[in-house]
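The values are calculated or read from the model by the stated rules, or taken from the named source; none is laboratory data. This one's a predicted model, so the numbers in the text were calculated from it and none came from an experiment. Positions of Cβ are backbone-derived with ideal geometry, glycine not excepted, and every protein chain shown enters the neighbour counts.
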Amino acid sequence: MAATLLLEQAFNGLQAGVTLFLIAAGLTLVLGIMDFVNLAHGVQVMIGAYAATFLAALTGNFFLGIALAIPFTFASGYLLEWLIIRHLYRRDHMEQVLATFGLILFFNELIRIGFGPASLFSNLPPSLSGFVEIVPGSPYPVFRVVIIGVGFLCALAIHLLVAHTKIGAMVRAGASNPDMTAALGVNIKMLFRLLFATGATCAGLAGMMLGPLTSVEPGMGEPLLILSLVVIIIGGIGSVRGAFIAAVMIGIVDTMGRVLLPVLLRGFMDQAAADGAGPALASMLVYILMAVILVVKPTGLFPPKG
Amino acid sequence: MQGAKDYLRQLAVSAPGLWVLIAGFMVLPVYTSFADLPFWNDIAMRIMLLGMASMGLNLVLGFGGMVSFGHAAFIGIGAYCAGIANYYGMDNGWLQLAMALCVCAASGFVIGYLSLRTAGIYFIMITLAFAQMLYFLFVSLEKFGGDDGMATDRSDFILIDLYEPLRLYYLILCALVITGIILSVLVRSRFGVTLQAIKSNPSRVEAMGLVPFKFKMTAYVISAMICGMAGALFTSWQEYVSPDIMHWTRSGELMIIIVLGGLGTLTGPLLGAICFFLLEEFLPEIIAWIAPDYAENWMIIFGPVLIAIVLFARGGLLGACSRLSALARSGGRL
């Protein structure tokens, strides 16, 4: 029993991890390549979740909703970069933090006006709401397996895109020397804008998949944003591989901590107190991990070369 | 004696705006009691407390160039020092303050020592991480109210009877004045000048045989203590403490206040705090006047205002003021 429970939680951790990776991937590329701290990245998660929930309800089809929400989040990221973000690349980090903080306030309020402060809930279609037995005897939700699958596919796609395509080569060239790359005839501004929009879409996709698992509400992106900042710092800024490893690590540490800590705490305090303190202490675990890693390796585990 | 007088005059001249604002706070209660607006005293106390904390953060952020995104943690530690002391029946306000200062100095030392090994974006994030860690620590402490926080008894500042409504107001004002004096002295001292030199060129300072790390650490610990003092007084004022006081958005708020007023100036943070909370008070009313249904959605205006400030108002309100006065002096020619 205990072993299957642990295994199930490990899968949950993996699912949380790949979701975090989807959010962190865009963040790490934008930060690593454009040196831009984007606190408003969590907003994209929220936009994705709302778009998918709304469009799914409108069309009556979950898959169609997601299919329509993906171009929508891409467009929103493209527009945001064009309107605001591109004016901030040359500013210092603190100004970027403040301006994108302003964006968070704006978008959370916009959603609150548009959809109300209450959470939206969405139902999974029957084809995704079943269970599979990965381990005989313990049913596991199909949807979470799908999320893990989609996350891995996206990770692979991003890796191939950045490391093995011409566009990826241009992006990497642009990162190490934007002026020289522009002089070679690459439209670097457009490249960055598309990269930003792609990152926004990945974050939006994470939001779409989280929608049916959690509540879709204004401000839902910020806790995820902070966790994905932790992920990219641990992984090394600008490193997609680092982000993936760190995301899975954080996902598993966080999930397992939430399950195991209360059990451990019950050993030396009463059950109610342990159940209360466990999850909060588990939330601390992630930050403790980050602080330890930064103290030992001040530029993260896998700082990109060059 | 003469020397001391000169020194005081120099201090006053170094940040005249700060002392004007403080004088304003000094006479405000007279106005509010005549106009029968006691509600404004409460807002003024809030402004003074967060202004004080911002002044503390500004030492690190503005003068030292270290972008700490986790200073709300020290406000929280200070607030919980007072709150927890109260929980165990120690309601002596002075002891609570002393405790908050000591604990904040110690935690500022530890967090600063670990964080200052990193730089740039990593420093922003590690300070945020420590703040989150402490936030979740206090959320997990069910004994002290956990998520919901706990109500505290009125702190007892011996000799100062807080049942008299305005006593706490002037106590907070005193703390603000002390903070102002300490910071003006510090910024003008050898230490402050070195700190600012480190901000603009650390390697040169190092080449002169000084150790930048020590100066940064000292500034970090002092700013943590100032935030802690604000936090402890916050508990006395609210008679309530919850993890909300150290939510990460509070760290953002402090940064907004500083940038709004003027980064790296003595007057800026207090001016920024005044403007920030006046905006918070009046923006909903202005919106209610135009579109009554959306009064509570004032953030939708505040967000873009913030972006505009970052994009267009270099140097914050103080910078805008000095540009305006330069314009006036030059007779309208740019």
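Residue by residue through the stretch B:290-316, note down the ones that are more than 9 Å from chain A (Cβ to nearest Cβ) and of a type in the set (Phe, Trp, Tyr). Within the stretch B:290-316, B:Phe312 is the sole residue that qualifies.
Please tell me if A:Val231 is crowded, with 18+ Cβ neighbours inside 10 Å, more than 14 Å from chain B (Cβ to nearest Cβ), out of contact with any His (no Cβ under 6 Å at 6 or more places or on another chain) and of a type outside the set (Asp, Glu). Considered against the rule, which asks whether it is crowded, with 18+ Cβ neighbours inside 10 Å, more than 14 Å from chain B (Cβ to nearest Cβ), out of contact with any His (no Cβ under 6 Å at 6 or more places or on another chain) and of a type outside the set (Asp, Glu), A:Val231 comes out as no.
Anything in the stretch A:159-186 that is at pLDDT 85 or above and either outside any helix (DSSP H, G or I) or among the polar types (S, T, N, Q) (or both)? List them, or say none. A:Thr165, A:Leu184 - these are the residues of the stretch A:159-186 that are at pLDDT 85 or above and either outside any helix (DSSP H, G or I) or among the polar types (S, T, N, Q) (or both). Evaluating B:Arg190 against the criteria (1) farther than 30 Å from A:Leu229 by Cβ; (2) touching a helix residue (DSSP H, G or I) at 6+ places or on another chain (Cβ under 6 Å) leaves one unmet condition, (2).
Only one residue in B:Thr127, B:Thr179 is of a type in the set (Ser, Thr, Tyr) and under 28 Å from B:Ile43 (Cβ atoms), so which one is that?
Of B:Thr127, B:Thr179, the one residue that is of a type in the set (Ser, Thr, Tyr) and under 28 Å from B:Ile43 (Cβ atoms) is B:Thr179.
Would you mind finding the one in B:Gly264, B:Gly272, B:Gly319 that is in a loop (DSSP other than H, G, I, E, B) and more than 10 Å from chain A (Cβ to nearest Cβ)? Only one candidate qualifies: B:Gly264. Taken together, B:Glu280, B:Glu253, B:Glu239 contain a single residue that is closer than 26 Å to A:Val97 by Cα, out of contact with any helix residue (DSSP H, G or I) (no Cβ under 6 Å at 6 or more places or on another chain) and either hydroxyl-bearing (Ser, Thr, Tyr) or away from chain A (no Cβ under 11 Å) (or both), which is B:Glu280.
In the stretch A:138-153 there is at least one residue matching the filter, namely being touching a residue at least 40 places away in the same chain (Cβ under 8 Å) and not in a helix (DSSP H, G or I). A count restricted to the stretch A:272-298 and to residues that are free of Cβ contacts under 8 Å to residues at least 12 places away in the same chain and part of a helix (DSSP H, G or I) stands at 10.
When you look at B:Gly76, is it more than 30 Å from B:Phe123 (Cα to Cα), surrounded by 23 or more Cβ atoms within 10 Å (Cβ to Cβ) and in contact (Cβ under 8 Å) with a residue 40 or more places away in the chain, yes or no? No; evaluated as a whole, the condition is false for this residue. Among helices (runs of 4 or more DSSP H) entirely within the stretch A:38-134, having at least 2 residues that are modelled with pLDDT of 90 or more and within 11 Å of chain B (Cβ to nearest Cβ) singles out A:93-115.
Of A:Gly236, A:Gly278, A:Gly219, all but one fail to be within 17 Å of A:Val30 (Cβ to Cβ), within 11 Å of chain B (Cβ to nearest Cβ) and either touching a Ser or Thr at 6+ places or on another chain (Cβ under 9 Å) or surrounded by fewer than 22 Cβ atoms within 10 Å (Cβ to Cβ) (or both); the exception is A:Gly236.
When each of A:Leu225, A:Leu301 is tested for being within 14 Å of chain B (Cβ to nearest Cβ) and part of a helix (DSSP H, G or I), the lone residue that passes is A:Leu225. Evaluation of B:Ala232 against the conditions (1) more than 12 Å from the chain's Cα centre (by Cα); (2) assigned to a helix (DSSP H, G or I); (3) crowded, with 21+ Cβ neighbours inside 10 Å; (4) modelled with pLDDT under 90 shows that the sole unmet condition is (4). Counting only helices (runs of 4 or more DSSP H) wholly contained in the stretch B:92-210, the ones carrying 3 or more residues that are modelled with pLDDT of 90 or more occupy B:93-115, B:121-140, B:165-188, B:190-200.
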